[in-house]
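Just below is one structure, and these are the notes that go with it.
The values are calculated or read from the model by the stated rules, or taken from the named source; none is laboratory data. Owing to the predicted nature of the structure, the values given are computational and were not obtained by experimental measurement. We place every Cβ from the backbone using ideal geometry, glycine too, and count neighbours over all the protein chains shown. Side chains included, ligands, DNA and RNA excluded: accessible areas come from the protein's heavy atoms. Shrake-Rupley method; radii C 1.70, N 1.55, O 1.52, S 1.80 Å.
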Amino acid sequence: MGESSGTGFVAGLEDVVAAETRLSGVYGEAGELIIAGFPVEELARRASFEETAYLLWHDVLPDAGQLAHFREELAGQRNLSRATLDLLRAVAAEKVPVMDALRMAAGTLSPGTDEEEALALVASLPTIVAAYSRMLDGGELVDPDPELGHAANYLYMLTGEVPGAELTRALETYLSTVSDHGMNASTFVARVIVSTRSDFVSAVVGAIGALKGPLHGGAPGPALDVVFEIGDASRAEAYLREKLGRGERLMGFGHRIYRVRDPRADVLAAAAERLYTTDGDTELYELALGVEQTALRLLAEHKPGRNLQTNVEFYTALLLHGLGLPTQLFTPTFAAGRVAGWTAHCSEQRALDRLIRPQSLYVGDKDRPWVPLEER
Ligand code: ACO
């Protein structure tokens, strides 16, 4: 969808450049993603989440001392306040969906300087998700362990068990892979909010709301549900054809920017393969590969020339499932990774200090006669 006949209006702001950023570059035709100078394949394979967050915030990798200090700072902010826990308990009683609980709980974080808020947001999003998930399951809360890193802590707080190196590495890879991605919808929301000189907590609360939608971060749960519903690769074609015939979109496929395969899908596919082939459900992994191939073939038929390819969400679903996470935690876990990028964008926007205020084109009537209430 391009510009509407010379008016300047571009539905969806497609191809409109809304910011300059040093945080990430998305090259849709080449299928490349650069995060703070590193190809995503390199960063995701090597970095801990702390290194990625530090890199995004400071534009340099931390040395050993800086990394240790940053880990300590995060550990100091991981425990939740009474206010946050009370809110989570209240909404757990109502079985509020996890993303809504996360949005509300993030809003209870104390106001502070930009740096303090960024640290509190990054440190506590996983604690909020883990605590809420255990509340929903009726389990005892597991306090964060200051000896564990960020990714390992998340799995520990969710399950009560210290995860092995393999699982921790898979989650580090996931969190770094999704840490930033150009001017995606939730990042744009965060920048708009900060541009009004509002605070980082408000910006992240708004961003969580944007991420929740199925066209953005809400896709992986439904993507995995489809794989489960298909159940056997031989049923994939009939099932997916029916979905497309009903005008539905296949979750985990297509992207606004990428015209070739989303490079994050490859990174996560490799991580998922490692996870499933070492001690996972290889049957599920094979089934997912079969479903992906069928979906790609049908999408090529359905939208010839559009080149709809696998996006990050398809393999997110598989990887996070392999990590033992239930589907309702997929999008909240995405938020726990993307919050590093959101807060870094908030800092960039703060430094720019320019109100984001585009225009709209009025297309309504201009000369309506006022009709008195009794005559309507
Ligand atoms: N399944 C079926 N048809 C699709 C799909 C899909 N996954 N994606 C796009 N199409 C169709 C559209 O319906 C549209 O058809 P039309 O021209 O007849 O209306 C055509 O392909 C072009 O699509 P656009 O609307 O231009 O695509 P857009 O850039 O707006 O969409 C989006 C990108 C939202 C990701 C889309 O591909 C989609 O809905 N995918 C499924 C949801 C999903 O996986 N979301 C996660 C995205 S990744 C992320 O945000 C982290």
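Descriptive notes on the structure:
- Spin-label pair SER360-HIS58: with each label point 7 Å from Cα along the Cα-Cβ axis, the two points sit 4.3 nm from one another.
- Karplus 3J(HN,Hα) series, Hz, for the range 153-168 with 6.51 cos²θ - 1.76 cosθ + 1.60 (x for Gly, Pro): 4, 4, 5, 5, 5, 6, 10, x, 10, 5, x, x, 4, 5, 5, 4
- Here each label is just a point 7 Å from Cα along the line to Cβ, and for TYR27 and LYS95 those points are 4.9 nm apart.
- Lysine pairs in the chain whose alpha-carbon atoms fall under 27 angstrom of each other, counting only those eight or more residues apart or on distinct chains, come to 4.
- Remark: the range 114-121, residue by residue, has Karplus-estimated 3J(HN,Hα) of 4, 5, 5, 5, 4, 4, 4, 5 Hz, where x stands for each Gly or Pro and the curve is 6.51 cos²θ - 1.76 cosθ + 1.60 at θ = phi - 60°.
- Gyration tensor (alpha-carbon) shape descriptor, the chain, a/c threshold 1.5: rounded
- Rounded to the nearest whole Hz, the Karplus-based 3J(HN,Hα) values (6.51 cos²θ - 1.76 cosθ + 1.60, θ = phi - 60°) of the range 91-107 follow the sequence 7, 5, 4, 8, 6, 5, x, 4, 5, 5, 5, 4, 4, 5, 5, 4, x, with x at glycine and proline.
- FRET E, pair VAL162, ARG259, Förster distance 56 Å, beta-carbon r, rounded to 0.05: 0.85
- The chain, accessible area per residue, ligands and nucleic acids excluded (1.4 Å, Å²): 49
- Overall, the accessible surface of the range 19-170 at a probe of 1.4 angstrom is composed of carbon and sulfur to the extent of 50 percent.
- The range 249-360 shape via C-alpha gyration tensor axes, a/c threshold 1.5: oblate
- Taking amide H positions as modeled 1.01 Å from N, with prolines and chain starts lacking one, the residues under 5 Å from PHE253 and 5 or more places away or on another chain are ASN311.
- Modelled FRET efficiency - R0 45 Å, LEU67 with ALA11, Cβ distances, 0.05 increments: 0.55
- Using the Cβ-Cβ distance between ASP281 and GLU248 with R0 set to 25 Å, the FRET efficiency from 1/(1 + (r/R0)^6) comes to roughly 0.40.
- Separation in nanometres of the label points that stand 7 Å from Cα toward Cβ, at GLU20 and ASP145: 4.6
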